[in-house]
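Each remark here refers to the structure printed beneath this line.
The values are calculated or read from the model by the stated rules, or taken from the named source; none is laboratory data. Quick caveat, the model's predicted, so the values are computed rather than measured. Counting neighbours? That spans all protein chains shown, and the Cβs are built from the backbone with ideal geometry, glycine included. For the accessible areas, the whole protein counts, side chains as well, though only heavy atoms, and no ligand, DNA or RNA atoms are used. Shrake-Rupley method; radii C 1.70, N 1.55, O 1.52, S 1.80 Å.
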Amino acid sequence: MGGKILVGTASWSDPGFVERWYPKKMPAGDRLGWYAQHFELVEVNSTFYSVPKPRMVERWCAATPDDFTFDVKLHQLFSFHSTPAKLLPPDLQRRAETDAKGKVKPTPDLQEALIKSFLRSTSVLRDAGKLGVLLLQLSPAFSPRKHQLSELEPLIGMLSDYELAIEFRNRNWAIGDQLESTINFVRRYRVIFVNVDTPASDHFTVMPSDVEEVTNPKAAYLRLHGRNAKAYVTGKTVAARFDYNYDDKEIAEVAKRSKKLAEEARKLHVVFNNNNLDYAPHAALRLRKALGQIVRTPAQTLELF
């Protein structure tokens, strides 16, 4: 039969969603609840930039059904991205070592303090039974030439009680002889390898789409970035990079791939990250239909008066 397939989008509040997908004049506080009428899963993107306050997470819980799932992106300090001190919680800003440009030096003590703060907030989701996986989205700068997979071990250790998914963003981790080493490492720690749908490109920032790995039987992950190669490599904004509208044939391909991945895991999370305009929610709704899942009236027909 295969595992359960949960479909959603990366974020629920992108400007294109607000402008084109949600009913006109819908209050911001009502959007998540309305989103949850159409999907069972969302990937929280705002946590990449800041640690959410527990009261905010409580509001997320209150706005969604009991069986709704939040996948939460880990703070960028853990992703080998250059991190401004202002993106840390105020108490950690005072403790952090910074360089001349105000960028944080990610010391082990700082990372441990930040993960504790982060997990205090996400514990609200966990206690409500709504926490899916924690997503580590690595920087393309994290490459086999400059880094070792063992550098990920401290974070993996701190999150050993959680389901951790890792998305590599440097294709050199997933080609040639390196691919086997990467998958073996991820599988050894029972981390979830993030499979992707990407453009056909050999650019080092574009991961290959033909890798299909389930490294933890509890959960598998598929993120869809669109297939616009030029935009992916040259786009200056998220909307520009992932500017792609999947057609019906491509949605059918994604449905077939999703079913295959779900055969090896108890659940599969499928997240559309083609976040230009309202492409992502409409693609996600079409995938749910292609999978034979029950979908409510198409969102674009609803209106507030």
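Of note:
- Based on DSSP H segments of at least four residues, each scored -39500 (n - 2.57), the chain has a per-residue ellipticity at 222 nm of -9500 deg cm²/dmol.
- Amide hydrogen neighbours beyond the local backbone of ILE192, cut-off 5 Å, H modeled: LEU164, ALA165, ILE166
- Taking every C-alpha pair closer than 8 Å and separated by at least 6 residues, the mean separation divided by the residue count of region 56-141 gives a relative contact order of 51 percent.
- Protein heavy-atom accessible surface, 1.4 Å probe, per residue over the chain: 48 Å².
- Of the residues TRP34, THR215, ILE5, the one whose Cα sits farthest toward the positive end of the charge dipole of the chain, with +1 on the Cβ of Lys and Arg and -1 on the Cβ of Asp and Glu, is TRP34.
- Correct option for P(r) over Cα pairs in 10 Å bins from 0, in percent [calculated from the coordinates] among [x] 6, 26, 32, 21, 11, 3, 0; [y] 6, 27, 37, 25, 6, 0; [z] 7, 32, 40, 20, 2: [y]
- Distance violations [Cα-Cα > 28 Å] among LYS53/LYS105; LYS130/LYS289; LYS25/LYS249: LYS25/LYS249
- For the chain, built as a Gaussian network whose Cα springs stay under 10 Å, the top-fluctuating residue of ASP67, ASP278, ASP197: ASP67
- Sulfur and carbon atoms: percent of accessible area, the chain [1.4 Å]: 50
- Candidates ARG171, ARG20, ARG187: whichever shows maximal mean-square fluctuation once the chain is modelled as a Gaussian network with Cα springs under 10 Å: ARG20
- Simple point charges give the picture: +1 on the Cβ of Lys and Arg, -1 on the Cβ of Asp and Glu, and for the chain a dipole about the Cα centre of about 480 debye.
- Largest GNM mean-square fluctuation among LYS86, LYS289, LYS236, using the chain with Cα springs under 10 Å: LYS236.
- Centre-to-centre separation between the Cα atoms of region 155-170 and those of region 23-97: 18 Å.
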